[in-house]
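The values are calculated or read from the model by the stated rules, or taken from the named source; none is laboratory data. Predicted model, so just to flag it, every value in this text is computed and none were measured. Cβ placement follows ideal geometry from the backbone for every residue including glycine, while neighbour counts extend to all protein chains displayed. Ligands, DNA and RNA are excluded from the accessible area calculation, which covers all protein heavy atoms including side chains. Shrake-Rupley method; radii C 1.70, N 1.55, O 1.52, S 1.80 Å.
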Amino acid sequence: MGFLEERDLSDVPNIREYYKGKTIFVTGGSGYMGKVLLEKLLYSCSDLDRIYVLLRSKKGVKPEDRLATLYASECFCRLRKEKPGLFESKVFFIAGNCSEIGLGMSEEDRALIVNRAHIVFHVAASVRFDDTLKVAARLNLRGTRELVELAKEIKNLEVLLHVSTSYANTNREIIDEVVYPAHADWRDTLEVCEKLDEETLKHLTPKYLGELPNTYVFTKQLAEHVVYEQKGKLPVIIARPSIVISAVEEPVPGWIENFNGPIGLLIASGKGILRSVYSDPELAADYIPVDMAIKMFIAGAWLRGTKTLEATDDVEVYHCSSSHMFIMTVGEIVENGKAILKEIPFDNILWPGDGGVTKSRLDYNLRVLFLHLLPALLVDLVLRIIGKKPMLLKIQRRIYTANIALHPYLTQQWKFLNNNLLALRDKIKIEDKKMFYYAMEMVDQLEYFRTGAKAGKVYLLKEKLEDLPKARAHYRKMVILDKTLKIAVYAAVAW
């Protein structure tokens, strides 16, 4: 029995009332989704008791210093302006590491979470597609096992939300909101990864992955089974976001801190370093704005947390996806992107953004050779001559590697059924709709990407919107140069 069935919610507190006085434990709080989750919880559920964030030392920076750096992010500018002091009084770090046994927590910190926590958001994951099986399993699989073991000890646990991915079952074309049979036994997989060396595992990995494209989706699929085994024992739910991209509204319109998805495509094309994309132009890639996914997390945890756990309870799965609506194809994103880049060009572009999309590997490789590599060699040669460090060829190698790694996602169409996601939003109470309701189909996609381009310019490229007139003038010069060179080449060929 699930908790999305018709049930009387009249006596159930609304979302803000539910979170009042609650203690929350978050893994992955320093990541893109983790930051937005923390900001939204603090801004919209300010009466919560406190949030503990699991943080590890990284590159010599201690957890307490990482927490300060986290709060300094632009993600929290709204919170700093409208609710100063709230973060410092409500958010505390727990030193630890999801890839270690016991999450790397001290006995004192573990006892603190066991005795105080009510809600757990497990957001931490390695999302690299090129991780070895040992590395991916250590964080995505073993980390989930260790988190579940901690959850079993928490005395007042009301809900554990585990973040997976919509792409965990890409061996199917139509993917429902259910936990499908595992591709391998997760316990055996962990044992093998812990006992064998990297070289041996490297040879065994293709056999383990089977139809799945990489170690990321493989380990995330198995991690779902670690959670699903607690059906009827722990109050757990699984959230499966698709491609998480820039925010629609919160914490600020367009906010983004990575180059994933369409905005990364716009930026690389707009800078003139991406002239060709290896994809099917008719493909409608599924994506979800980060703030809409976070609203679902908070609402889903509320609905599960307000229901008493029963042995017959199922584990509800939510696809945070846009498969229920019309979304732009890759080809349309590229074509609309060209128009957006004329209006909002980036500073000091190398060439006008006029790339295209092809699903032919041969055509793509030829375009890479003539439009990516040869210009990169020329630019790097000029940089060497004037005494600067060459960089463009290195960037082009990374772009090519990324495009090939993303090939399965850019050439194959999946449909992620999301009836649970839509049913959940219908259960949000009237007084909560302004802060927590989500409706991707109400978003003007062209305006959304226009806002995303501006945000990418500001937050990723660190450029100023005040410099747009200068950027537009430079763009016009590069268009003239581009047309002049094309005319010269065509004339030479004709002659």
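When VAL26, VAL127 are checked against the criterion of being of a type in the set (A, V, I, L, M), assigned to a loop (DSSP other than H, G, I, E, B) and either surrounded by 14 or more Cβ atoms within 10 Å (Cβ to Cβ) or out of contact with any helix residue (DSSP H, G or I) (no Cβ under 9 Å at 6 or more places or on another chain) (or both), a single residue qualifies: VAL127.
Among the residues of segment 275-298, the one identified as more than 16 Å from the chain's Cα centre (by Cα), at pLDDT 85 or above and either farther than 16 Å from VAL357 by Cβ or assigned to a strand (DSSP E or B) (or both) is ILE298. Suppose we filter LYS152, LYS81, LYS90 for residues that are open to solvent by 20 Å² or more (accessible area, probe 1.4 Å), free of Cβ contacts under 8 Å to residues at least 40 places away in the same chain and either in contact with a strand residue (DSSP E or B) (Cβ under 6 Å, 6 or more places away or on another chain) or not aromatic (Phe, Trp, Tyr) (or both); which single one remains? Step by step, each of LYS152, LYS81, LYS90 is checked, and only LYS81 is open to solvent by 20 Å² or more (accessible area, probe 1.4 Å), free of Cβ contacts under 8 Å to residues at least 40 places away in the same chain and either in contact with a strand residue (DSSP E or B) (Cβ under 6 Å, 6 or more places away or on another chain) or not aromatic (Phe, Trp, Tyr) (or both).
Among the residues of segment 338-352, are any open to solvent by 70 Å² or more (accessible area, probe 1.4 Å), assigned to a helix (DSSP H, G or I) and at pLDDT below 85? No.
Residues of segment 428-442 that are open to solvent by less than 30 Å² (accessible area, probe 1.4 Å) and either among the β-branched types (Val, Ile, Thr) or modelled with pLDDT of 90 or more (or both): ILE428, ASP432, PHE436. For segment 242-274, filtered to residues that are assigned to a loop (DSSP other than H, G, I, E, B), under 16 Å from the mean Cα position of the chain (by Cα) and among the hydrophobic types (A, V, I, L, M, F, W, C), the residue that is surrounded by the fewest Cβ atoms within 10 Å (Cβ to Cβ) is PHE259. What is the residue count in segment 433-458 for residues that are aliphatic (A, V, I, L, M) and closer than 20 Å to ASP286 by Cα? Looking only at that region, the number is 6. Of all residues in segment 94-126, those satisfying the criterion of being under 27 Å from LYS20 (Cα atoms) and of a type in the set (D, E, K, R) are GLU108, ASP109, ARG110, ARG116.
Scanning segment 375-395 for residues that are modelled with pLDDT under 90 and among the small types (Gly, Ala, Ser) turns up at least one hit.
With respect to ALA223, is the statement that it is in contact (Cβ under 8 Å) with a residue 24 or more places away in the chain and either surrounded by fewer than 21 Cβ atoms within 10 Å (Cβ to Cβ) or under 30 Å from THR329 (Cβ atoms) (or both) true? Steps first, please.
Numbers: in contact (Cβ under 8 Å) with a residue 24 or more places away in the chain: yes; either surrounded by fewer than 21 Cβ atoms within 10 Å (Cβ to Cβ) or under 30 Å from THR329 (Cβ atoms) (or both): no.
No.
Quick check on ALA301: is it of a type in the set (Gly, Ala, Ser), surrounded by fewer than 22 Cβ atoms within 10 Å (Cβ to Cβ) and modelled with pLDDT of 85 or more? Here the answer is no, as ALA301 does not meet what is asked.
Annotation note: of LYS457, LYS483, LYS470, the sole residue that is surrounded by 13 or more Cβ atoms within 10 Å (Cβ to Cβ) and closer than 17 Å to LYS338 by Cβ is LYS457. The conditions of being open to solvent by less than 10 Å² (accessible area, probe 1.4 Å) and farther than 19 Å from TYR438 by Cβ are not met by VAL290.
Just checking, how many residues over segment 170-180 are in contact with a His (Cβ under 9 Å, 6 or more places away or on another chain) and modelled with pLDDT of 90 or more? Result for segment 170-180: 4.
Within segment 370-407, the set of residues being over 31 Å from the mean Cα position of the chain (by Cα), in a helix (DSSP H, G or I) and not β-branched (Val, Ile, Thr) comprises PHE370, LEU374, PRO375, LEU377, LEU378, ASP380, LEU381, LEU383, ARG384.
What do you reckon, is ARG110 open to solvent by 20 Å² or more (accessible area, probe 1.4 Å), over 21 Å from TYR167 (Cβ atoms) and among the basic types (Lys, Arg)? So that I can check it myself, show each step before the final result.
On the way: open to solvent by 20 Å² or more (accessible area, probe 1.4 Å): yes; over 21 Å from TYR167 (Cβ atoms): yes; among the basic types (Lys, Arg): yes.
Yes; evaluated as a whole, the condition is true for this residue.
Looking only at segment 192-237, residues that are farther than 24 Å from CYS320 by Cβ and either of a type outside the set (Asp, Glu) or in contact with a strand residue (DSSP E or B) (Cβ under 6 Å, 6 or more places away or on another chain) (or both) come to 17 in all. Once segment 133-149 is narrowed to residues that are under 20 Å from the mean Cα position of the chain (by Cα) and open to solvent by 30 Å² or more (accessible area, probe 1.4 Å), the residue that is farthest from LYS307 (Cα to Cα) is VAL135.
Scanning segment 419-474 for residues that are closer than 23 Å to LYS40 by Cα and either among the basic types (Lys, Arg) or assigned to a loop (DSSP other than H, G, I, E, B) (or both) yields ARG425, LYS427, ILE428, LYS429, LYS433, LYS434, TYR437, TYR438, ALA439, VAL443, ASP444, LYS454.
Could you tell me which residue of segment 304-326 is nearest to ALA247 (Cα to Cα), considering only residues that are among the aliphatic types (A, V, I, L, M) and surrounded by fewer than 18 Cβ atoms within 10 Å (Cβ to Cβ)? Full working, then the answer.
The initial filter retains those residues of segment 304-326 that are among the aliphatic types (A, V, I, L, M), namely 309, 311, 315, 317, 325.
Subsequent filtering for residues that are surrounded by fewer than 18 Cβ atoms within 10 Å (Cβ to Cβ) retains 309, 311, 325.
Details: LEU309: 34, ALA311: 38, MET325: 18 Å.
Result: MET325.
Summed over segment 63-78, the residues that are touching a residue at least 24 places away in the same chain (Cβ under 8 Å) and open to solvent by 70 Å² or more (accessible area, probe 1.4 Å) give a count of 2.
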